[in-house]
Amino acid sequence: MKKVYAILFSIMLICIGCQWQLRPNDDDVDELKVNVERYDRIESLYLTTGDFSALQQMNTYFPQQTRMLIEDVLQLGKVNDSEINSKFLHFFQDSTLQVLLRDVQNQYADMDDVNEDLSTAFSRLKEELPTVEVPQVYAQIGSFDQSIIVGNNTLGISLDKYLGADYPFYQEHYTERQRQMMTRSMIVPDCLGFYILSLFPMAQGTETSQSNRDTHMGKIQWVVNEIMQREVFQNDFVTAVERYMEKYSNKSIEQMLGDNNYTRFQ
């Protein structure tokens, strides 16, 4: 039985997605390909079976992702604490979280559509911002906390925040407006938004009034709309940025994002 289990585990590890790379095809030898690394599969295996080899895989091949998940997302303690693995495993024994682990693997057994949309989105982003580095993208499972995690040129997608507006737990704990943003179709826009925000944060010394913060987010959201080629975000601040870009049509997206004089957008 142990031998069979080891074989199944090896097969699961082989299925884990590889990181983004440039791969030739018949149409365009330089087409950018972004593939989501399936860190969530190893994580789920450990948290549902307690298999130590899965934990070793997490720590060996995804050390940064594991540290960020345990320390920053779940806030269970330091990753090098002697009892941290037990805390991590015990935390997810909650019945709601065990159901979550199962539901994520069912809904996201295949992520080819997300990979394709990420590839297209980051290709367009590179056209507008050529110096931007494409991050390593991976999927993880949190506890209904943060949706996208950005750090050290990595982009983590918490799949537990994208299970659909009708997901039972969401209906009990989130407003209808919030739930409309917790769908599969929002993964790529959110990835773009959070990543662009990490590259173009509000400048230090800028007045951090609510109006300025909203305007800054409006700039980010307008760019996401442009990259996605659809109106993902619709609000007064996005509309104001649209007017600004129509007025200053000679300005590039990079110049607009770097303009911290928010009165021009209000």
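Projecting label points 7 angstrom from Cα along Cα→Cβ for residue 91 and residue 235 puts them 2.9 nm apart. Only protein heavy atoms count here; on that basis, with a 1.4 Å probe, residue 249 has an accessible area of about 100 Å².
Of the residues 209, 148, 258, the one whose Cα sits farthest toward the positive end of the charge dipole of region 142-258, with +1 on the Cβ of Lys and Arg and -1 on the Cβ of Asp and Glu, is 258. If the limit is 22 Å between Cα atoms, which of 33/126; 33/161; 219/251; 161/219 go over it? Pairs exceeding 22 Å: 33/161; 161/219.
Using the beta-carbon distance between residue 185 and residue 52 and R0 = 25 Å, what value does 1/(1 + (r/R0)^6) give for FRET efficiency, to the nearest 0.05? Computed FRET efficiency for residue 185 and residue 52: 0.10.
Over all projection directions, the Cα-based convex hull of the chain averages an area of 16.9 nm².
Sorting 154, 239 by accessible area puts them as 239, 154; the probe is 1.4 Å, largest comes first, and only protein heavy atoms count. Put a plus charge on the Cβ of each Lys and Arg, a minus charge on the Cβ of each Asp and Glu, and nothing anywhere else: the dipole of region 36-83 about its Cα centre is then about 100 debye. Distance distribution note for region 92-183: the fraction of Cα pairs above 20 angstrom is 44%. Ordered by 1.4 Å accessible area with all protein chains kept, 179, 264 run largest first as 264, 179. Taking every C-alpha pair closer than 8 Å and separated by at least 6 residues, the mean separation divided by the residue count of region 145-214 gives a relative contact order of 27 percent. Derived from the Cα gyration tensor, the three semi-axes of the equivalent ellipsoid of region 164-266 are 27, 15, 12 Å, largest first. Dipole check for the chain: with +1 at the C-beta of Lys and Arg, -1 at the C-beta of Asp and Glu, and the Cα centre as origin, the magnitude is about 480 Debye.
In region 56-134, the convex hull through the Cα atoms has an average projected area of 7.3 nm², a quarter of its surface area.
The values are calculated or read from the model by the stated rules, or taken from the named source; none is laboratory data. Keep in mind that this is a model prediction, so the values were computed, not measured. A quick note on method: Cβ atoms are made from the backbone with ideal geometry, for glycine too, and the neighbour counts reach across all protein chains shown. In case anyone asks, the SASA skips ligands and DNA or RNA and just uses the protein heavy atoms, side chains included. Shrake-Rupley method; radii C 1.70, N 1.55, O 1.52, S 1.80 Å.
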